[in-house]
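Structure first, commentary second.
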Amino acid sequence: MIETPVEIVEDLRRARRLEWWTLAGMGSATAATYLTMGSSQVMKTAFTEDLLSLIPAMTFLIAAKVEPRPPTEKYAFGFVRISGLAFLASAVVLAMLGGLLLFDGLSTLAKGEHPTIGPVEIFGRTIWLGWIMIAALTYSTIVPVVLGRLKLPVAERLNDKVLHTDADMQKADWQSGLAGIVGILGVGFGLWWADAAAAAAIALSILGDGFKNIRIAAAELVDSVPRALGGPQMAADARRLRERLQARWPEGHVRLRESGRYIFANVGNVQDPGELPPLARWMGDDKGWRLAQLSFTPPECARSDEGEHGGREQKELL
């Protein structure tokens, strides 16, 4: 079992608070876009995007609740990978809905459907509904941008891909909001196609986020090397760890994999060296807690396991 390192306890609490704020803030933004939606295609797509933005927050909160649970007979290695599994599921949903929305927007363009954005009466005054839509879109853009900026530094300290991707998506939401505002204004100026075109642009952004998240989540679940947050390249701290282990045991074969926010290292073709310094020292930075296990595979086992994942007779040094 991997106990939560004391170094990240406070950041985990802050991350959970931010995700609860996200559910409240984006919940109100979703309500605003729904109430002003009318017959506009871009508002329907913006509403769906706001609704989808709740998924990463819920994913993180569920994973944070399940991850600390002790191992069971069926799950002997604990639940540190639950965030990756939940992240993959939410990414697949994101990509599927993005594809459907993109098809819907393009179909509307192809059919030449003209949206109607008429006037409404509020407190005895007649106002063009488009202005209310623009106000709702502006609000639904400001809330995620602020939350995204607050989440990014916490995600980097926790090395949490779910939280980082959530923050990155929210920080970039101004582009979708701007596209929606341009679409509404286009309809106001008589450009009927602007509404569907803006909806298709937002849907394309959703689809791109979905595929990007699928790639990140799948890499972890198939035991890829620890990757940098928001990119396919190997994480800098993992690269330093591999170099240190390789320098200490030049005859060995160093393998690293990532499970949740933790790194598991194996040195193949090396006898168990016995007592070693604390695991954190191998990382050599402020994220020493990331190294959860260092194991060794003796030469005879390394030869018999050639081409397979992981070694036998590993020693856990926790």
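Tabulated values for the structure
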| read-out | value |
| --- | --- |
| Matching residues, segment 82-114, being farther than 30 Å from TYR262 by Cα and among the aliphatic types (A, V, I, L, M) | LEU97, LEU100, LEU101, LEU102, LEU106, LEU109, ALA110 |
| Among the residues listed as GLU316, GLU306, the single one being closer than 22 Å to ILE8 by Cβ and either in a loop (DSSP other than H, G, I, E, B) or at pLDDT below 90 (or both) | GLU316 |
| Residue under evaluation GLU275, criteria (1) more than 18 Å from VAL42 (Cα to Cα); (2) touching a residue at least 12 places away in the same chain (Cβ under 8 Å); (3) of a type outside the set (S, T, N, Q), criterion not met | (2) |
| One residue from GLU121, GLU156 being modelled with pLDDT under 85 and either open to solvent by 60 Å² or more (accessible area, probe 1.4 Å) or assigned to a loop (DSSP other than H, G, I, E, B) (or both) | GLU121 |
| Near pairs, Cβ below 7 angstrom, 6+ apart or cross-chain, from segment 114-126 (in contact (Cβ under 8 Å) with a residue 24 or more places away in the chain and farther than 15 Å from LYS44 by Cβ) to any residue that is open to solvent by 60 Å² or more (accessible area, probe 1.4 Å) and of a type outside the set (Ser, Thr, Tyr) | HIS114/TRP192 |
| Selected residue (only one of LEU12, LEU18, LEU51, LEU61 is closer than 30 Å to TRP128 by Cβ and either hydrophobic (A, V, I, L, M, F, W, C) or touching a residue at least 60 places away in the same chain (Cβ under 8 Å) (or both)) | LEU51 |
| Odd one out for TRP249 among (1) at pLDDT 90 or above; (2) open to solvent by 60 Å² or more (accessible area, probe 1.4 Å); (3) aromatic (Phe, Trp, Tyr) | (2) |
| Subset tally (residues that are part of a helix (DSSP H, G or I) and either basic (Lys, Arg) or in contact with a Pro (Cβ under 9 Å, 6 or more places away or on another chain) (or both)) for segment 184-193 | 1 |
| THR126 vs. criteria part of a loop (DSSP other than H, G, I, E, B) and exposed (fewer than 14 other Cβ atoms within 10 Å of the Cβ) | no |
| Residue count, segment 211-246 (criterion: open to solvent by less than 40 Å² (accessible area, probe 1.4 Å) and in contact with a Gly (Cβ under 7 Å, 6 or more places away or on another chain)) | 2 |
| Residues located in segment 87-118, provided they are open to solvent by 30 Å² or more (accessible area, probe 1.4 Å) and under 20 Å from ALA63 (Cβ atoms) | LEU88, ALA89, VAL92, VAL93 |
| Counted residues, segment 127-158 - those being closer than 20 Å to LEU185 by Cβ, in contact (Cβ under 8 Å) with a residue 40 or more places away in the chain and in contact with a Leu (Cβ under 8 Å, 6 or more places away or on another chain) | 3 |
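The values are calculated or read from the model by the stated rules, or taken from the named source; none is laboratory data. Just so it is clear, the model here is predicted, and its values are computed rather than measured. Methodologically, a virtual Cβ is constructed for each residue, glycine included, from the backbone with ideal geometry; neighbour enumeration extends over all protein chains shown. Keep in mind that these areas ignore ligands, DNA and RNA; they rest on the heavy atoms of the full protein, side chains included. Shrake-Rupley method; radii C 1.70, N 1.55, O 1.52, S 1.80 Å.
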